[in-house]
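**Student:** Before I ask anything, here is the structure I am working with.
The values are calculated or read from the model by the stated rules, or taken from the named source; none is laboratory data. A quick note: this is a predicted structure, and the numbers were derived from the prediction, not measured. Backbone-built Cβ (ideal geometry, glycine too); neighbour counts: all protein chains shown.
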Ligand SMILES: [Cu+2]
């Protein structure tokens, strides 16, 4: 066994080095580099996605999303064709309350099929928006479900088999904010003022303004950094505690967020809920698909400036040799923050406690499932298999609590995402996860040669006919087959 693994791994290394050359060689040495945009429009004000609160109809909250073609200007004097929900790029932030019955009408006017997946939400499989819920061009798909999740930041994006990466890269993504009407916590919650969404993505633009999607199988990384659809923009922050809801919405790049002055900030929320208490940090690693809510204190700092950056070079080997680019060896500028005066009613104190997390106990688990992440001959596999829409990989009994053990046998870190559920990380290579990962998660970065164990409850929704997905959230890996299907019965 061990021998086979070593040989295949070596073979893989050689082969992927060769294929890597052919993929990147032509892109970086040939035409592509010559046609890349060198001057782009940056340092514009940070766009804040419109808030969509829905219409109240017969006790339900109804939202309308239309996926459409649009255009932006990123290269002076040139038009960039983009895709967006209800606009040119990205989509509105949907605001929902825990307990709401929601109806979302998703209309596809893109000219080709796609889907829209509600990332992180606990809902019936037929409402999940995965590869099986195709929306043909011209059709409207209606998703109906009740918001059962905790207050947190979720997102939506296409999930068509083999096309997810391209569809997201061209602009299709948006956020959900779920609020808990029962919550008495005093946290910044004035959207766009002290409660700020940050969708972070990287893209390549051609000199003619068009989006350059190289399709690199190992994962596409861009050389321009967009926040909410604008390149390295500027945010005017009030001089008080500000909440940032950060989504790594990039296809493949892992970020190591921090501030240019190395200031401390507090993580208050993970993918699926609030942490038990604020966790002080100076660095925050977010892999693709992950979210974090952080609080940053700008009190008394009027007229100062600070930058949100990614200390990417500190990630070292977390960025594999296959995808590490020149920018990964630097500190990447993401957002400039200018501190203005405070609002009239700022949040002035950090809450001591945030949430009570119903920690599932290992003894409650009825089963442990093992998953191996592999890359072999430039294929991306889970338990040795490539995704097949006609194969169910795992069958789970309704209401079971299970432990999932994810072992990364490959030479790249992979963010592992599970649909439907939120999980709690038990261990990373046998040790407790860092404090800022001890909350509800739906994506976990599994580093090279690492084993991550997490626990989850598969409640409420059984459907033997419609599967949920589990997959790597590097979108090119997912499209290449690093995905599997489970049903709850
Ligand atoms: Cu992967």
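**Student:** Filter segment 326-345 for residues that are out of contact with any helix residue (DSSP H, G or I) (no Cβ under 7 Å at 6 or more places or on another chain), surrounded by 17 or more Cβ atoms within 10 Å (Cβ to Cβ) and not in a strand (DSSP E or B) and give the result.
**Tutor:** 342
**Student:** Could you tell me whether any residue of segment 145-159 is within 16 Å of the ligand (Cβ to nearest atom) and touching a residue at least 60 places away in the same chain (Cβ under 8 Å)?
**Tutor:** Yes: one or more hits.
**Student:** A further question follows. Whether any residue in segment 456-471 is within 24 Å of residue 294 (Cα to Cα) and either touching a helix residue (DSSP H, G or I) at 6+ places or on another chain (Cβ under 7 Å) or within 16 Å of the ligand (Cβ to nearest atom) (or both) is what I want to check.
**Tutor:** No.
**Student:** Next question. Which of the following residues is in contact (Cβ under 8 Å) with a residue 24 or more places away in the chain and not assigned by TED's automatic domain parsing to the domain that holds residue 225: 278, 351?
**Tutor:** Checking each option against the conditions leaves just 351.
**Student:** Which one of these is closer than 22 Å to residue 245 by Cβ and touching a helix residue (DSSP H, G or I) at 6+ places or on another chain (Cβ under 8 Å): 118, 155?
**Tutor:** Exactly one residue qualifies, and that residue is 118.
**Student:** With the requirement that a residue be part of a loop (DSSP other than H, G, I, E, B) and buried (at least 20 other Cβ atoms within 10 Å of the Cβ), what does segment 254-299 give you?
**Tutor:** Passing the criteria: 254, 271, 272, 287, 288, 289, 290, 298.
**Student:** Between residues in segment 408-420 that are without any contact (Cβ under 8 Å) to a residue 60 or more places away in the chain and closer than 15 Å to residue 370 by Cα and residues that are within 11 Å of the ligand (Cβ to nearest atom) and part of a strand (DSSP E or B), which pairs lie under 8 Å by C-beta distance while being six or more apart or on different chains?
**Tutor:** 408/373; 408/414; 408/446; 416/373; 416/445; 416/446; 416/471; 416/472
**Student:** Go through segment 354-434 and tell me which strands (runs of 3 or more DSSP E), entirely inside it, have 1 or more residues that are within 16 Å of the ligand (Cβ to nearest atom), assigned by TED's automatic domain parsing to the domain that holds residue 463 and within 23 Å of the chain's Cα centre (by Cα). Steps first, answer last, please.
**Tutor:** Working: elements: 367-376, 379-382, 394-396, 401-408, 414-418, 423-428.
The qualifying strands (runs of 3 or more DSSP E) are 367-376, 379-382, 401-408, 414-418.
**Student:** Does residue 317 satisfy being modelled with pLDDT under 95, part of a helix (DSSP H, G or I) and under 30 Å from residue 231 (Cβ atoms)?
**Tutor:** Yes; evaluated as a whole, the condition is true for this residue.
**Student:** Another question about this same structure. Identify, by number, the condition in (1) within 12 Å of the ligand (Cβ to nearest atom); (2) more than 25 Å from residue 149 (Cα to Cα); (3) at pLDDT 95 or above that residue 445 doesn't meet.
**Tutor:** Just one mismatch for residue 445, condition (2).
**Student:** If the requirement is being under 24 Å from residue 48 (Cβ atoms), surrounded by fewer than 19 Cβ atoms within 10 Å (Cβ to Cβ) and not assigned by TED's automatic domain parsing to the domain that holds residue 206, which of these qualifies: 98, 109?
**Tutor:** 98
**Student:** Which one is surrounded by the most Cβ atoms within 10 Å (Cβ to Cβ), of the residues in segment 39-59 that are in contact (Cβ under 8 Å) with a residue 60 or more places away in the chain and closer than 25 Å to residue 115 by Cα?
**Tutor:** 49
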